[in-house]
């Protein structure tokens, strides 16, 4: 079986995605910090 990156990407999104960040208080703070800093990419 060949390597599939899609499963890995899905796990990454499930744990570090924007919606996951929005769901928790700490995550919201993280997003706020990164937006304030002017990051192009706020989450995975």
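Any read-out appearing in this document is the output of simple, stated calculations on the displayed coordinates, not a laboratory observation. This structure is a prediction, so every number in the text was calculated from the model and none was measured.
Numbers for the structure displayed
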| read-out | value |
| --- | --- |
| Tilt relative to the chain, helix 5-16 - C-alpha long axis, 0 to 90 degrees, to 10 | 30 |
| The chain - mean residue ellipticity at 222 nm from DSSP helices (-39,500 (n - 2.57) per run, n ≥ 4, rounded to 500) | -21000 deg cm²/dmol |
| Entry for Rg/Rh (Cα atoms, Kirkwood Rh) (calculated from the structure that is shown) out of (1) 1.13; (2) 1.42; (3) 1.45 | (1) |
